[in-house]
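A short write-up of the structure that comes next.
Every read-out reported here was derived from the displayed coordinates using simple, explicitly stated rules and does not represent laboratory data. This structure is a prediction, so every number in the text was calculated from the model and none was measured. With ideal geometry, Cβ positions are generated from the backbone for all residues, glycine too; neighbour counts draw on all protein chains shown.
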Amino acid sequence: MYVTFAPSSPSLAPGSPGLAPTLDSVGNSQAYSQTYDSLIRDVQNLITLHPSAKGSPGRPPGDTGPLLRSAVVLLHTAWENYVERVAVEGLNFLLGEIGSDHTKLNHALKHELGALKNPWALAGTGWQAEARNTVGREVGQLNTPDVENTEKLLDLAIGLPDALHSISWPKMAKAKVLGNIDEFVHDIRGEIVHKGTTPGPLDKGGVRSWIAFFNGLVSRLDKKVGTHLETETGTAPW
C-alpha cells in the first residue's frame, strides 16, 4: 500500500510539527534526557539545513530527498536507541534495588534464567550477571523496534508487559499510536533502508510531524517506565 509523507495525510502526519524537547536529567531517564535528546537534535539539524525544493533568493532548488530520507533513518535510530537504553537502565535500577533476592526478578526474566543449561552460572551473584547478559542479547537483536518487539524487551527487562498499549494523548488514540509505530518502523523506514526509496512523496512537513509523534511517544513511555519501576521498588528511578 502506498502512503504519503505529506502533512495532510493522517497516517504520515501523526502529530503537530514540533521541535525536540529541552530535557534535563531530573524526572527523566538517561535514555531519554541524553540518548534520545542528543539523537533527536541531530535529526532537527538535518531538517533545518536541508535545501528548499523550490529554491530561494540566491539559492537554487535542491534535491531534498537524500537529507530527508537520512532524517527518517536517524529518527528511527533515536527511537531504537531509546528503547534499548531504557530497558538496560531500568534493569540495572531493579537489580540494584533487589539486592541479593533473586526471587524478586520479574516472571519473564526468571523464566529465561531458569532455562539456562548451566545452573551453576546462577550461583552467588551470578544470576545478576546472567540477567544482564540475557537482556543484553535481546537488546543486541532489536533491529526492528516495532510494537511487538519493544513490548517484549521491556517485559523481559523490567516486567512491564503491554508497555505501549495504554499510551495516548489528545488527538492521538491508543490504536493510532500503535499503528503509527509499526507503520514507521516497517513501511517507511523499512523501504528507505532496503530499497533506498520511500513509499510515497517525502516532504519536510511530514518528517517534522513524525518527529513530533516520537517526542510525544518517548516522553510518555519514559514516564510510564519510571512509574512502573517506582511501583515495583518504592523508589523513584530518576
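Across the cross-link table entries Lys152/Lys223; Lys174/Lys195; Lys171/Lys195, which are compared at the Cα atoms, the separations over 24 Å belong to Lys174/Lys195; Lys171/Lys195. Taking θ as phi - 60° and the Karplus parameters 6.51, -1.76 and 1.60, the scalar couplings of the range 108-115 work out to 4, 6, 4, 5, 5, 5, x, 8 Hz in sequence order, x denoting glycine and proline.
For the range 105-204, trypsin sites (Lys or Arg not before Pro) meeting the loop criterion (DSSP other than H, G, I, E, B) and having at most 14 other Cβ atoms within 10 Å: Lys117, Lys171. For Lys176, the aspartates and glutamates whose Cα falls under 16 Å of its own Cα, not counting residues fewer than eight places away in the same chain, are Asp146, Glu148, Asp162, Asp187.
Derived from the Cα gyration tensor, the three semi-axes of the equivalent ellipsoid of the range 30-233 are 38, 16, 15 Å, largest first. Listed by Cβ neighbour count within 10 Å, with the fewest neighbours leading, Phe214, Phe93 appear as Phe93, Phe214. Note that the range 213-230 has calculated 3J(HN,Hα) couplings of 4, 6, 4, x, 5, 5, 4, 6, 5, 4, 5, 5, 4, x, 5, 4, 5, 5 Hz, one per residue in order, obtained from phi through the Karplus relation 6.51 cos²θ - 1.76 cosθ + 1.60 (θ = phi - 60°); glycine and proline are x.
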